[in-house]
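The values are calculated or read from the model by the stated rules, or taken from the named source; none is laboratory data. None of the values given here were measured: they were computed from a predicted structure. Please note: Cβ atoms are built from the backbone with ideal geometry, for glycine as well, and neighbour counts cover all protein chains shown. We work out accessible area using only protein heavy atoms, side chains counted, and drop any ligands, DNA or RNA first. Shrake-Rupley method; radii C 1.70, N 1.55, O 1.52, S 1.80 Å.
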Amino acid sequence: MTQYYVDHRFGIVLIFGLLFLFIAGLTAAPHAAFAADSVATEAKPAARPKIGLVLGGGGARGSAHVGVLKVIEELRIPIDYIAGNSMGAIVGGLYASGMTPDQIAHELKTIDWDDTFNDDPARPDRTFRRKRDDDFYLAKARLGMRDGEVQFPFGLIQGQKFDLHLSRLTLRSARIHDFNKLPTPFRAVATDIETGQEVLLQSGNLARSIRASMAVPGGFDPVEIDGKLLVDGLVANNVPVNIARDMGADILIVVDVGSGLSKREDIKSVLSVVGQLTNILSQRNVDLQLATLKPNDIFIKPELGKLGAGDFNKAAEGIEKGEQAARAMIPTLQRLSIDLASYRQLMAKREVVATPPVVDFVRLDNKSRISDAVILARISLQPGQPLDPAKMDADIGEVYGLDVFESVRYEVVQENGQSGVVLHAKEKTWGPNYLQFGLELTDDFQGDTSYNLGVLYTRTAINALNGELRLALQLGQDNGLAAELYQPLDVGSKYFLNARIAAARNRFQNYKGDDVSSEFNIRRLGIDLAAGRNFGTWGEGRIGYRRAYGTTDVVVGDPTLDGYNFHLGQLYARLYEDKLDNVLFPTAGNKAILELSTAKKSLGSDSSFNQGNLNYVHAYTWGRNTVVGGLRYNTTFNDNAPVESRYRLGGFLRLSGYAQNQLSGQHSGVATAAIYRNFSELKILPAFIGASIEYGNVWQRKADIDLGDGLLNGSVFVGSDTPIGPLYVGLGLGEGGHRTGFMFLGSPF
């Protein structure tokens, strides 16, 4: 978004992009920064000089441009041309499209920038299938695989949400192809990443052109326009004085929001080195441009202090400082003012009614292996309807929630006198194969430590209906290997088939009181075949058949249990609702699971038994505080489940005062209430402090179930959503002096 955009989210990745641009900047011909605009301009009227506004790049520092615009309008200074780069292209392009400084200021102040720069679909938009990814302990980062090689995206941020914001903000001028025909003629500057040369953007889709001008190399995905891969114009022409001059301007108002070169004492880390390299890349062409200013041009350099290029949440501060800088120049600026009547007449031409167009056609530009029908089934807009930007954003969010696409965007076009919407869906260039890694860890600080390492391979879009293949491997205390096929049966993905085969070895401990009486392994090989129906993005229902064969071997304890074999043949039905906004540290929504199962000898089981399971979680937040309430109840209807199918309690939030899985029975139930507070200022690394209270027990017979004999437990903990998963460290307490310390890496909810 600017040559100064150095943010803790971009740091290392930016090094590679900036090194390329540095080389490109050194080798580019000096005249490249002064490419002429070939568009013919109007003859200059004698009444007054034509005024051009030049807005330089600077990331969040570019919010100062809005303050300058406020003063310009207050002084009744007509702007005939605008040229901008990066954040200057955003502010300049929005103003050129007809927005007022107050409207632009409102947008910059109210946009949730942290969410905008996060490409992950909002959890409510994700398909139910994608929500189930959260059931694993794997890190969010997915490595792409193609032709046997690891692939990476072009940038840390693909700009999906930002693209939709720009489409909404420029909707009033979406049908204008020639930027000379905007309420104020406009130019944006970008850099061809292949050649390092300046690219002048003077026609096409306004939102896309602005997006190309702010695509920081390594930070944001480049934008392809007319066969060129474009990034931020910082190397080529960060303060495009010559562009505004070539458009026909007689007098220029030039606003430079760059921070300049850092002093030696301020270069203290790899990020500051990257920042200095970024500044060097642009300062040379900025100096060349500023050297061409004429005596009657006006140069404004706001004093922005320590306002950083990534401080988008401080837009109000930047706007204020830009206004202060412009007011300090009022004596100079006033000579460009015109009379009130003439100014009102000119401003009336800028007034554009932002009426959504009635759509005559909807067309899909599908660059993926998924069928057009699958995408269009999620788009509600039909010919003859007015475009509803909010609804379109929601529909596109659902398409993007399939987690197959690098970007899904739309543009309004004018063809043969008709208005239409073209949808662009681009599959991830670093797929379609992905690898994820994860670590699960528990430690009671008394010598009992367990861990599992996992790797998951996912192959997406194996067919036009977005079928999916998965292979999983886990090593550690519990070893396992699994393969799964998930196949939607219709374009709306309402119905599906799911087949899974898995082999696993799980280690269990039996307790007598607080002492381990035996330790044994259960080896199991099984299949799970299911068919089901999705209910929007919030739930599913399924019926299925499980078949498994297993055997036990004793590690410690009674050797008579060694070599115990079992068979399971089971039918089950499950209803699952998931509306949590986050399963790691939820702040809103709920999750509910109800499953009924029956194991019978006729289905391949050693014995017949019926079971039911209920799990419910609800989260509520006020301010920085969250309460999560939960209820788990599991029952064996005839008290006759074999040992391998009984229920276990113990561990964090499952009677925290007891060791993990210490309690076992035919029935189990636990009610939990956890409260925690977010005390971190960093949204990318939230940290919490909290406590829980839990009440429950296990029972061997249904007749023994008594709410009065539950065990009261609780915990105090600190937690954080780390890059390798949610980490909790705390102390669990239970009745009768039970006490456990724990470190838990995984998802307890």
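Regarding D80, is this residue among the acidic types (D, E), modelled with pLDDT of 95 or more and closer than 19 Å to L200 by Cβ? Break it down into steps so the answer makes sense when it comes.
Numbers: among the acidic types (D, E): yes; modelled with pLDDT of 95 or more: yes; closer than 19 Å to L200 by Cβ: yes.
So D80 fits the description; yes.
Given the condition of a type in the set (K, R), within 30 Å of G438 (Cα to Cα), open to solvent by 40 Å² or more (accessible area, probe 1.4 Å) and modelled with pLDDT under 95, answer yes or no: does some residue in segment 722-743 qualify? I'd like the intermediate steps shown before the answer.
Within segment 722-743, the subset of a type in the set (K, R) is 739.
Now drop any that are not within 30 Å of G438 (Cα to Cα), which leaves 739.
Retained after the next criterion (residues that are open to solvent by 40 Å² or more (accessible area, probe 1.4 Å)): 739.
Those still in the list that are modelled with pLDDT under 95 too: 739.
Among the residues of segment 722-743, at least one is of a type in the set (K, R), within 30 Å of G438 (Cα to Cα), open to solvent by 40 Å² or more (accessible area, probe 1.4 Å) and modelled with pLDDT under 95, which makes the answer yes.
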(request) Of the numbered conditions (1) open to solvent by 30 Å² or more (accessible area, probe 1.4 Å); (2) among the polar types (S, T, N, Q); (3) at pLDDT 90 or above, T560 fails exactly one; give the number of that condition. (result) (3)
(request) Considering only residues that are surrounded by 15 or more Cβ atoms within 10 Å (Cβ to Cβ) and charged (D, E, K, R), look in segment 621-639 and name the one that is farthest from I705 (Cα to Cα). (result) R632
(message) Restricting to segment 374-393, and then to whatever is open to solvent by 50 Å² or more (accessible area, probe 1.4 Å) and part of a helix (DSSP H, G or I), can you tell me which residue is farthest from N534 (Cα to Cα)?
(response) A390
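Quick check on this structure: which one of L653, L614 is modelled with pLDDT of 90 or more and within 29 Å of Y549 (Cβ to Cβ)?
On the way: L653 fails: within 29 Å of Y549 (Cβ to Cβ).
On inspection, the qualifying residue turns out to be L614.
Confirm whether G714 is modelled with pLDDT of 90 or more and not in a helix (DSSP H, G or I). Spell out how you get there, then give the answer.
Values: modelled with pLDDT of 90 or more: yes; not in a helix (DSSP H, G or I): yes.
So G714 passes the test.
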(request) Return the total of residues in segment 228-246 being crowded, with 23+ Cβ neighbours inside 10 Å and outside any strand (DSSP E or B). (result) 12
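For residues that are more than 45 Å from the chain's Cα centre (by Cα) and touching a residue at least 12 places away in the same chain (Cβ under 8 Å), scanning just segment 330-341, find the one that is surrounded by the most Cβ atoms within 10 Å (Cβ to Cβ).
Going through segment 330-341, the residues more than 45 Å from the chain's Cα centre (by Cα) turn out to be 331-332, 334-341.
Checking which are touching a residue at least 12 places away in the same chain (Cβ under 8 Å) leaves us with 332, 334, 336-340.
Details: T332: 13, Q334: 11, L336: 19, S337: 15, I338: 17, D339: 9, L340: 9.
Applying the filter and picking the extreme gives L336.
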(message) Pairs please, first residue from segment 107-127 and open to solvent by 40 Å² or more (accessible area, probe 1.4 Å), second anywhere and not in a helix (DSSP H, G or I), Cβ atoms under 6 Å, 6+ apart in sequence or on different chains.
(response) D114/K683; D125/G401; R126/G401
